[in-house]
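Worksheet: the structure to be examined is printed underneath.
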Amino acid sequence: MKIKYVTQEALDLYKSNPMEIQKYIIENKDSSWTGKVFPTNYLKESKIEAKDLVFIIDEDYTSDDLDFINAKMLHKALSGLNETQASNEALWIGLALTDGYEYLQKRWGAEGTKFKYRWNFYQKGKRGLIHHGLARLWWLTRMTYDQEREDPYELTYYAFHHQSFLMKLAYRNYSNSPRIVNAILSAFIEVERLGKLISYDHTVELYKEVSLLGSVTIIDAYSKDDLKEIVLGKITRIIEK
Amino acid sequence: MEISNKLFPYPVLASFNDDYIDSNFDVTVKVKSTTRNYVTFEVLVLLENDHLLNLIESDLADFAIHIECSSTSYRSLVRFTDLSYEFVVPSGMINAKVTLCPYILARKTISDYINPLFNLYYEGLSFYIDRHSIMAISLPSELIIAKDYDEIKKVSSIFTLVKDLSDNSKDVIVTPDDLIKIKVPSKQYEDFKYLSNAQGQSDLINAIIIVPAIIGVFEDRKRRGELFVEEYQETRWYRALKKALSKKSIDFESDTFLEEDSLKLAQILLDSPITKAVESYSKIFESGDIYED
C-alpha cells in the first residue's frame, strides 16, 4: 500500500484548531470522527510504499518494548522514506489519524500537554520531530540504525530501553551524525557488557565531553573506529571516577 | 555550527581575529543545480597564505565544508584539496535552509607549527596542532534550497483559507506558518472558499482579505527588522514573496524596504486588486445579479 498524507487544507485545519481537535481525540477511541470534521478526500496517496504497516498495541508490553517494536516495524515499513519526506508534518499527521491512531491513544493519550507534544509538532525542526508520537519512532531509529551490525536494530533496542539517555543525546546537535551516535551507543553497550552500570549523570557528563572534543577539532572528521575508542575511554573514566 | 568568537589555544586564520597578517581565507559556496535527485554545490576557495597552501599540498592539511540542514537533521563533512570543487548531496536529505561552514583542518598532527605570517605577538612561538583541528575558518554560508517543483508562482497562493472550528468565532485571524493561514469563522468558510475559487471573483477576495493580510506582513517586517527575516526565511510564503518583490526590483531583506509604502506594494504585487474588485462588483450590480430586498 501507499502511505497517505493529509492535504494542505486538512493540515491547516488540524494545526489551526488545536483545542477542538484535542477534544475530538480525547472523546473518541477510534478515528471515525475525522470523516465529519475534515473535508472529503482529506487524505491523498503519496508515492511512498509502506509494507506491513501494523502497529502493535498489546498491553502486556512495557512502553519501552512497545516503542521499540513499533519503531522497528515503522522503519522497515517505510524503508523508502527519505529525510525530507520524513520531516513533512502532513505525513505524520496523516498516519496519526489513520493506522497510528490507536497506538498513539494507548501509548500517550491526548490529555493535557500530550496533544501538543505527541500529536502535534510543538516546534519546527528536529525537536518537534523527536517528540511527535509517531515521527519520533522513525527519527530515533534513523539515528540508531546500523546496517553493518548482525542485528541492525541492536543500538535502536538499547536506545529505546534507555530513553532518558537517548533523548538527552538527541538534543545535542552532533546527534545528527549517525557515526557519532553509533560510537556513543556502542560504547554504552560495551561498558555494560563488562558489568559496569551507566547512570543518567554519567551520560550527561559524557555528552558534554564529546561537545568539548568539537571545540577545536571537527568531530565529524574522526573515523568511526577513532570515535568509538575515544568515547569508550571517556565513559570508562567517568564511571570509574 | 556557530564558530565566530571562539577562542583557540593556537593561531587560527579567520576574518574575525588578527592571528595572521597579510593573509586571507575566503570560501564561496553556491548551489550550482538542483534536480529531483541531487543538489550540486560549487565551492571556490581563496587562500592567501603560502605556508598553509604548502601544508595542503603536502597532505598535512585540507579544506573541509561542514554541512548542516536543521529541517532534515542532515549533517556531514566533505574534505578536498583543490581550490575549486564540486560536491553533491541527495535532494531528499536536505530541504530549506542549509548551513555550510568552510575550514582548513589538520589531516595529521603537526607538533611544531609555525607560520611566517603569524601576527607579531606569536613571534618565536610554535604550536602543537592535533589532527582534525581547525586551522582556518571562513564565514559560513546559509543557502536556501529552493526545489522548483515546490515553488509558488502567484503571490495570492501564499495564503491559505482555514476553517475555524470554534463555535463562537466571528473574526478573521491571520497566522504565518509555512503558508500564511487565514482562519475564518466556520459559518462563512464556504462563502470565502466559493469566492476564492469562483471565476472572476478573485479580485474581490484579494481586495478584502489578501491586501490587508499582506500589508500586515510588510508592517511586521518593518517593525521587527532582522528578527523577522530570521524567523521566516525558510518558509514557503517568505521565499515566494521575496522572489515576487525582487522581480519588482525590491529587496525584501534590505533596510531600504523600510521606506516602501505597504499599501502601494500590496497593490503592485496583486496587480491593482482594489480598483479591479470595484469594477467587477459594479458590473455584477449592473447586470442585475444583485438585488436589494
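The values are calculated or read from the model by the stated rules, or taken from the named source; none is laboratory data. Please read these numbers as outputs of a predicted model, since none were measured by experiment. Methodologically, a virtual Cβ is constructed for each residue, glycine included, from the backbone with ideal geometry; neighbour enumeration extends over all protein chains shown. For the accessible areas, the whole protein counts, side chains as well, though only heavy atoms, and no ligand, DNA or RNA atoms are used. Shrake-Rupley method; radii C 1.70, N 1.55, O 1.52, S 1.80 Å.
Here the condition is being hydrophobic (A, V, I, L, M, F, W, C), closer than 30 Å to A:Pro18 by Cβ and surrounded by 14 or more Cβ atoms within 10 Å (Cβ to Cβ); of B:Ile205, B:Ile250, B:Ile268, it holds for B:Ile205 alone. Within the range B:113-134, is there a residue that is open to solvent by less than 40 Å² (accessible area, probe 1.4 Å), among the small types (Gly, Ala, Ser) and farther than 28 Å from A:Leu213 by Cα? Looking for residues that are open to solvent by less than 40 Å² (accessible area, probe 1.4 Å), among the small types (Gly, Ala, Ser) and farther than 28 Å from A:Leu213 by Cα, one finds none in the range B:113-134, hence no.
Please indicate, with yes or no, whether at least one residue in the range B:256-266 is closer than 24 Å to B:Ala96 by Cβ and of a type outside the set (D, E, K, R). So far as the range B:256-266 goes, yes, one or more of its residues are closer than 24 Å to B:Ala96 by Cβ and of a type outside the set (D, E, K, R).
Within the range B:53-70, restricting attention to residues that are touching a helix residue (DSSP H, G or I) at 6+ places or on another chain (Cβ under 8 Å) and within 10 Å of chain A (Cβ to nearest Cβ), the residue that is farthest from B:Met135 (Cα to Cα) is B:Ser70.
For the range A:200-232, a tally of residues being among the polar types (S, T, N, Q) and modelled with pLDDT of 95 or more returns 1.
Annotation: of all residues in the range A:1-21 being over 20 Å from B:Ile173 (Cα atoms) and surrounded by 17 or more Cβ atoms within 10 Å (Cβ to Cβ), the one that is farthest from the other protein chains (Cβ to nearest Cβ) is A:Lys4.
The helices (runs of 4 or more DSSP H) found entirely in the range B:202-243 that carry 2 or more residues being in contact with a strand residue (DSSP E or B) (Cβ under 8 Å, 6 or more places away or on another chain) and among the small types (Gly, Ala, Ser) are B:211-224. Residues in the range A:209-222 that are of a type outside the set (Asp, Glu) and more than 18 Å from B:Ile129 (Cα to Cα) were compared, and the one that is nearest to the other protein chains (Cβ to nearest Cβ) is A:Ser211. Here the condition is being under 23 Å from A:Phe165 (Cα atoms) and away from chain B (no Cβ under 14 Å); of A:Asp64, A:Asp52, A:Asp60, A:Asp99, it holds for A:Asp64 alone. Can A:Lys72 be described as assigned by TED's automatic domain parsing to the domain that holds A:Trp119, under 13 Å from the mean Cα position of the chain (by Cα) and open to solvent by 50 Å² or more (accessible area, probe 1.4 Å)? Considered against the rule, which asks whether it is assigned by TED's automatic domain parsing to the domain that holds A:Trp119, under 13 Å from the mean Cα position of the chain (by Cα) and open to solvent by 50 Å² or more (accessible area, probe 1.4 Å), A:Lys72 comes out as yes.
The residue list B:Glu68, B:Glu86 contains one member that is in a strand (DSSP E or B), within 17 Å of the chain's Cα centre (by Cα) and either closer than 30 Å to B:Val12 by Cβ or not assigned by TED's automatic domain parsing to the domain that holds B:Ala207 (or both), which is B:Glu68. None of B:Lys247, B:Lys222 is touching a residue at least 24 places away in the same chain (Cβ under 8 Å) and basic (Lys, Arg) except B:Lys222. Only a single item in (1) closer than 30 Å to A:Ala86 by Cα; (2) of a type outside the set (Val, Ile, Thr); (3) open to solvent by less than 20 Å² (accessible area, probe 1.4 Å) is not met by B:Glu86, and it is number (3).
In the range B:184-203, the residues that are farther than 18 Å from A:Pro39 by Cβ and assigned by TED's automatic domain parsing to the domain that holds B:Leu270 form Cβ pairs under 7 Å with partners that are open to solvent by 50 Å² or more (accessible area, probe 1.4 Å) and in a helix (DSSP H, G or I), at six or more places apart or across chains, as follows: B:Asp203/B:Lys276. Look at A:Ser87 and say whether it is hydroxyl-bearing (Ser, Thr, Tyr) and exposed (fewer than 14 other Cβ atoms within 10 Å of the Cβ). No; evaluated as a whole, the condition is false for this residue. Report yes if A:Phe55 is open to solvent by less than 30 Å² (accessible area, probe 1.4 Å), part of a loop (DSSP other than H, G, I, E, B) and either hydrophobic (A, V, I, L, M, F, W, C) or at pLDDT below 95 (or both), otherwise no. Yes: the conditions hold for A:Phe55.
The residues of the range B:92-146 that are acidic (Asp, Glu) and more than 14 Å from chain A (Cβ to nearest Cβ), listed by number, are B:Asp112, B:Glu123, B:Glu142. If you filter the range B:71-83 down to residues that are within 11 Å of chain A (Cβ to nearest Cβ) and part of a strand (DSSP E or B), you find that the one that is nearest to B:Gln233 (Cα to Cα) is B:Tyr74. Could you tell me whether the range B:96-104 includes any residue that is open to solvent by 60 Å² or more (accessible area, probe 1.4 Å), assigned by TED's automatic domain parsing to the domain that holds B:Ala64 and of a type in the set (D, E, K, R)? Checking the range B:96-104: not a single residue is open to solvent by 60 Å² or more (accessible area, probe 1.4 Å), assigned by TED's automatic domain parsing to the domain that holds B:Ala64 and of a type in the set (D, E, K, R). None of A:Ile184, A:Ile239 is at pLDDT 95 or above, under 29 Å from B:Asp130 (Cα atoms) and either basic (Lys, Arg) or out of contact with any Ser or Thr (no Cβ under 7 Å at 6 or more places or on another chain) (or both) except A:Ile184. Taking the criterion of being open to solvent by less than 20 Å² (accessible area, probe 1.4 Å) and without any contact (Cβ under 8 Å) to a residue 24 or more places away in the chain, the residues of the range B:40-74 that qualify are B:Thr72, B:Ser73. Scanning the range A:67-96 for residues that are in contact (Cβ under 8 Å) with a residue 40 or more places away in the chain, more than 13 Å from every other protein chain (Cβ to nearest Cβ), hydrophobic (A, V, I, L, M, F, W, C) and within 22 Å of A:Gln163 (Cα to Cα) yields a total of 4.
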